[in-house]
Amino acid sequence: MKEVNTTETPQKGSFSLSIPAIQIQISQTLQTLIFLQTPP
């Protein structure tokens with residue numbers, strides 16, 4: 001039972017953490033695009 005719990009928890013954690021990581025990447029790319037588009 002313990003092995004099943006340890007295998008299930010990392011999957012849920014990684015899946016939940018992958019969503020914020022994607023949002024951070026999108027926000028960073030948008031910031032870089034806006035920064036490049038803005039004239040110096």
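Here, each number is a calculation from the coordinates, and none is a lab measurement. Predicted model, so just to flag it, every value in this text is computed and none were measured. For neighbour counting, all protein chains shown are included, and Cβ atoms are generated from backbone atoms with ideal geometry for every residue, glycine included.
Quick notes
- L36 versus S18: modelled label distance in nm, points set 7 Å from Cα along the beta carbon direction: 2.7
- Computed from backbone phi, the HN-Hα couplings of segment 22-29 come to 5, 4, 5, 4, 5, 5, 5, 5 Hz, rounded to whole numbers (Karplus: 6.51 cos²θ - 1.76 cosθ + 1.60, θ = phi - 60°; Gly and Pro given as x).
- Karplus-derived HN-Hα couplings along segment 31-39 (A = 6.51, B = -1.76, C = 1.60, θ = phi - 60°), whole Hz, x at Gly and Pro: 4, 5, 5, 5, 5, 6, 6, 5, x
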